[in-house]
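To keep things clear, I will list the structure first and then write my remarks on it.
The values are calculated or read from the model by the stated rules, or taken from the named source; none is laboratory data. Keep in mind that this is a model prediction, so the values were computed, not measured. Here the Cβ positions follow ideal geometry from the backbone for every residue, glycine too, while neighbour counts run over all protein chains shown.
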Amino acid sequence: MSIDHARNADQLPTPTLEEVSPGIYAYVQLDGSWGLNNAGFIRGQDGVTVVDTCFTEARTRAFLKAIAGVTSLPARTLINTHHHGDHTHGNYLVSGAAIVGHELCRQTVISTGLQALHPLFPGVEWGDLELAPPTITFKDRLDLYSGDAGDLKIELIFMGPAHTTNDIVAWLPERKLLFSGDLIFNQGTPFVAMGSVSGSLEAVTRLRELGAETIVPGHGSVCGPAVMDDIEAYLTFVQTTAKSAFDAGLGPLDAAREADLGRFAPWHDSERLAGNLHRAYSELRGEPLGTDLDLGAIAADMVTINGGQPVRCLA
Ligand SMILES: [Zn+2]
């Protein structure tokens with residue numbers, strides 16, 4: 001695999017705003033690779049409900065400008081789907097909003113801080129970031145109401161441990177619309193090293209039961225439920241690969257080196273396989289789902305699989 005890590009972010013498509021249902025918008029940053037997340041918002045009667053922010057100050061400011069192009073109403077509520085910086089770094093710019101997330105999201109935003117992941121992403125122009133964790137937390141479920149008539153139900157449902165320990169989705173049953181956070185990557189490699197492989201598979205089963213027709217994934221284009229088949233197939237591949245390599249006495253890095261990605265090879269960020277195998281190994285050792293792993297070792301193995309180059313982050 002050869003990756004050109006030149007900072008050619010200008011070659012990326014401009015982020016787009018898509019009205020996925022009346023008054024509900026997806027903010028899509030392609031190509032959805034490391035740090036290029038999706039966000040969104042729901043227009044309400046007297047304020048806006050925002051779903052996630054972006055990795056850098058500049059990207060979040062561009063997102064907020066896109067919201068202002070649709071409505072002059074203030075953002076009153078900000079939902080964080082999980083703690084990762086590409087979904088939370090810009091929280092502090094949504095001034096005055098109540099920030100809602102899982103209780104472990106708040107904890108992990110605070111314990112991770114703003115710098116922890118940066119060595120994996122050299123060269124990103126972060127701007128003047130300030131830490132702003134969720135201010136309202138919950139454990140299993142919280143319902144919010146918004147929409148033009150003020151009665152549109154937004155169900156926040158805990159789905160972790162899956163992509164991380166603290167994933168929630170925003171499900172709008174009346175619109176059959178799902179903001180999935182990073183439980184779903186569309187045309188990108190799922191990344192579960194900080195969560196759980198088996199938990200992610202269980203989350204896919206639960207997501208299917210919701211019956212979404214439209215999905216705003218955490219990364220990649222807006223899609224339908226068929227994407228879940230791909231996610232499930234990949235996670236099963238990770239488990240199968242891990243089991244045979246584990247039984248053969250190989251470590252996660254060698255398992256990743258020897259694996260044949262097959263139909264998953266075209267997805268971006270394929271080096272995530274190394275991290276995903278670390279997590280699968282933890283589960284094969286019988287450790288609790290979502291247990292803390294050595295993220296430095298995981299990052300190093302992903303860089304090795306990536307030909308010794310930093311991962312492709314154009315944020
Ligand atoms: Zn994430």
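Okay, here's what the table says:
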read-out: Scope the range 264-315; condition assigned to a helix (DSSP H, G or I) and without any contact (Cβ under 8 Å) to a residue 24 or more places away in the chain; matching residues; value: SER282, GLY296, ALA297, ALA300
read-out: Selection count where residues are of a type outside the set (A, V, I, L, M), within 25 Å of ARG272 (Cα to Cα) and within 16 Å of the ligand (Cβ to nearest atom), scope the range 114-139; value: 2
read-out: Selection count, the range 222-275, where residues are over 24 Å from the mean Cα position of the chain (by Cα) and among the aromatic types (Phe, Trp, Tyr); value: 1
read-out: Long-range neighbours under 9 Å by Cβ, at least six apart or interchain, first residue within 16 Å of CYS223 (Cα to Cα) within the range 30-53, second outside any loop (DSSP other than H, G, I, E, B) and among the basic types (Lys, Arg); value: ASN37/ARG59
read-out: Matching residues in the range 175-215 - criterion: being surrounded by fewer than 20 Cβ atoms within 10 Å (Cβ to Cβ), at negative phi and not in a helix (DSSP H, G or I); value: GLU213, THR214
read-out: Meets criteria (of a type outside the set (Phe, Trp, Tyr) and away from the ligand (no atom under 16 Å from the Cβ)) for SER200; value: no
read-out: Counted residues, the range 287-298 - those being at pLDDT 95 or above and over 20 Å from GLU202 (Cα atoms); value: 4
